[in-house]
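Structure record follows, encoded as structure tokens.
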Amino acid sequence: MNAGSAPDARNPGTGVWLVVASTLAFAVGPIGARLAFEDGSNTLTVVALRGVVAAVLMTLLILLFHQDFRLDRRAWSWALACGVLQGIAVYGFLGAVALVPVGVAVLVFFTHPLLLAGVAHWRGTERISPRKGMLIGAAILGLALVLAPDFAGTDPLGVALAALSSVAISGMILCIGRAQRHASSTQLNLYATIMSTLGIGLVATLLAAWSPPNGATGLLGILAAGVGVGLGLLAFFAALRHLSPVRASVLSSVEPLFSILLAAVVLGQQLRAEQWVGALIIVGALALFEASGRQEPVDE
């Protein structure tokens, strides 16, 4: 498929399953990164190398499905915007994690469904009722319980960087819809990943921050993180052919929950009672959001 799907080709059920698949794939990323960190690597190196893995994966998929590597000229500007915004989102999030607790950074980052909802409502592409707005807020509240962020002594700059990441990812999601009118999800994922990875690699080089893992375990972790991120982005891009940006983003809020549950299984981390309560709130809010209305906008 070398062009965006027409509106009448949408299948919301397929879109929901693609979002679920993307969140499950993304959940592998932090586990793989953790293995690489424990094997002597650092954040910039892991993010850059996982981007290389993801780009190689997209290249193989394009070859496997006999797609064209050449992008339609109408897609280039949107693909470039996606790559730049993806890079800004990654830089912002990494900068935030360096200054504030991870839970705070993740919670601020996942305010992006609210941002997208506000933009969609303002543009008139999707009506966000008070009930839907409250359900999005409830999902974020559930995330707060699951993540249990510690705001004590929080650096305002770290919060600002996390907010920048949230804004950038919102912009990227909006650009994806435009780009996929003239490119396949795999093509767009490949070029956006290449551009953002080159930027991250340049920063790592300028800061002399390259630190590959010391052993096979760390390399396998980077491989897992790259495959997880690559497939996660691909599934999410494809989901946006069937769902509105707001609906897809709200459903993706379950990703931190999957990551924590996977960490509990793989890394033996224990969940507290309030985290289980938060998990139930997230699932309940998302289920009610899905049931509250299934009309999709024609134009993003």
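Remarks
- Separation of the stretch 152-210 and the stretch 125-140, taken as the distance between their Cα centroids, equals 26 angstrom.
- Cα-Cα P(r), the stretch 168-218, percent of pairs per 5 Å interval: 4, 16, 17, 18, 15, 13, 11, 6, 1
- Relative pair counts by distance (%), Cα atoms of the stretch 1-135, 10 Å bins: 9, 25, 39, 23, 4
- Kirkwood Rh in Å, taken over the stretch 192-236 so that all alpha-carbon pairs contribute: 12.0
- Only helices enter this figure: runs of n ≥ 4 DSSP H residues, each worth -39500 (n - 2.57), summed and divided by the residues of the chain, yield -25000 deg cm²/dmol at 222 nm to the nearest 500.
- Here each label is just a point 7 Å from Cα along the line to Cβ, and for R73 and Q270 those points are 6.4 nm apart.
- Cα gyration tensor shape of the stretch 177-268, rounded if a/c is under 1.5, else prolate or oblate by comparing a/b with b/c: oblate
- Of V56, V90, C175, farthest towards positive along the dipole that unit charges on Lys, Arg, Asp, Glu beta carbons give the chain: C175
- Alpha-carbon centroid distance for the pair the stretch 47-66 / the stretch 245-260, whole angstrom: 23
- Prolate/oblate/rounded label for the stretch 107-232 (Cα gyration tensor, a/c 1.5): oblate
- Options [x] 1.01; [y] 1.08; [z] 0.96 - which one matches Cα Rg over 2.2 N^0.38 Å as calculated here: [z]
- Summing +1 for each Lys or Arg and -1 for each Asp or Glu among the other residues whose beta-carbon sits under 12 angstrom from that of L135 gives +2.
- Extension gain, T217 to A98: 0.36 nm times the residue separation minus the Cα-Cα distance gives 40.4 nm.
- With a Förster radius of 41 Å applied to the beta-carbon distance between L280 and N42, the computed FRET efficiency rounds to 0.70.
Taken together, the values in this text are just the output of simple stated rules run on the coordinates, not laboratory data. All of these numbers come straight from a predicted model, not from anything done at the bench. Cβ: placed from backbone, ideal geometry, glycine included. Neighbour counts: every protein chain shown.
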